[in-house]
Amino acid sequence: MLKAGVLGAGHLGKIHLRLLQQSEKFNLVGFFDADEVNAKKIEAEFGYKYFDTIEGLINAVDVVSIVTPTLSHYECAKLAISKGKHIFIEKPITNTVVEAETIRALVAQNNVKGQVGHVERFNPAFKAVRDQIHKPMFIESHRLAEFNPRGTDVPVVLDLMIHDIDIILSVVNSKVKNISASGVSVISETPDIANARIEFVNGCVANLTASRISLKNMRKTRFFQKDAYISVDFLEKKCEVVKMKDAPLSPGDFDMILQNAEGVKKQIYFDNPEISNNNAILDELESFADAINNNTKPIVTLHDGTEALRVATMIIDQF
């Protein structure tokens, strides 16, 4: 079991603490939080050991889970890496691309591993269809949330849209060619609603919308590719796969057949995979433990986190 510690005991930090304690792959040593009053309250309520310095916690563990505000990710990661510790770092990886690239270089130099908390990669609905997404040429993504003051210190692109940016970059095997975007600040000092169009060199186009001032929550992405349409509902953890194949010579009474202008007939059929329920955050943490123990590449690498941040920054620069 890997000795683990958590930096930051806010909403998400408390989830990390609970799951690391539950996990059979980690031994939770304790946590550090800059708010001493809050930290001691959490220690008293849950029994997690509170360290009064970052250095004290880092020295006591093998793996550091960084769940602090984004602005402090860089300094926390740098300190942990310098002491030879593996880092799990929540999204976005850092505040700037330059910081992210520095972290990547330090990890390589110190022979430790790093993973970024892009948790939607572990969403059971996405996992169920991931292997069926091949060369999508049009992607549409909507991530809408009801207003919550938590997270409004950063633009909605870094708060919400970055989830979908990472998902899209993970399935489109091509470089970004062009980005156009617009964003509007309604309640916050930074944009609360944004739309971006990402064009890739291979011709794929992705259209992303993110809002944190909606009346209802929605997290859906649709992938269109040759002979298939794939829909993923990240919120409801559901997916739908609609495929097309050459129509049989003698269709059945219930077969759905389409015929195009050239007279070519195609059969439409559903190929919905089974979805296995999971705890996505626990899965991502334990997958990182496996990468460390087996000396394999993490599922969401620091490179992945850096590229998601790079595209997010390019979008924000358009506002």
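The values are calculated or read from the model by the stated rules, or taken from the named source; none is laboratory data. What you see is a predicted model; the values in this text were computed from it and never measured. Every residue, glycine as well, gets a Cβ built from its backbone with ideal geometry; the counts of neighbours run over all protein chains shown. To get the accessible areas, we keep the full protein, side chains included, count just its heavy atoms, and leave off ligands, DNA and RNA. Shrake-Rupley method; radii C 1.70, N 1.55, O 1.52, S 1.80 Å.
Brief remarks on what is shown
- Whichever lysines have a C-alpha closer than 16 Å to that of Lys237, once near sequence neighbours (fewer than 8 apart) are set aside: Lys127, Lys220
- Kirkwood Rh (inverse of mean 1/r, distinct Cα pairs), the chain, angstrom: 21.1 Å
- In this structure the chain gives 49 Å² per residue of accessible area when probed at 1.4 Å with all protein chains present.
- Taking Cα atoms only, the orientation of helix 97-110 departs from the longest principal axis of the chain by about 70 degrees.
- Trypsin sites (Lys or Arg not before Pro) within the stretch 115-209: DSSP coil, no more than 13 neighbouring Cβ in 10 Å: Arg150, Lys175
- Cα centroid of the stretch 272-319 to Cα centroid of the stretch 34-51, whole Å: 29 Å
- Between helix 11-22 and the chain there is an angle of about 80 degrees, using the helix long axis and the longest principal axis of the Cα atoms.
- To the nearest ten degrees, helix 162-171 and the longest principal axis of the Cα atoms of the chain are 60 degrees apart.
- Between Glu55 and His134, full extension at 0.36 nm per residue minus the direct alpha carbon distance yields a gain of 23.9 nm.
- The stretch 133-209 and the stretch 69-131 have Cα centres lying 20 Å from one another.
- Basic side chains Lys and Arg get +1 at the Cβ, acidic Asp and Glu get -1 at the Cβ, and with that the dipole of the chain about its Cα centre reaches some 420 debye.
- The helix-only estimate of mean residue ellipticity at 222 nm for the chain, built from DSSP H runs of length n ≥ 4 each weighted as -39500 (n - 2.57), is -9500 deg cm²/dmol after division by the residue total.
- Pairwise label distance in nanometres, Asn294 with Glu24, each label 7 Å out on the Cα-Cβ vector: 1.6 nm
- Heavy-atom accessible surface of the chain: percent carbon and sulfur, 1.4 Å: 50 percent
- Spin-label model distance (nm) - Val98 vs Asp246, 7 Å beyond Cα toward Cβ: 5.8 nm
- Site pair Phe254 and Ile15 shows an inter-label distance of 3.9 nm when each label is modelled 7 Å from Cα along Cα→Cβ.
- In the stretch 256-319, the inverse of the mean reciprocal separation of distinct Cα atoms equals 16.7 Å; this is its Kirkwood hydrodynamic radius.
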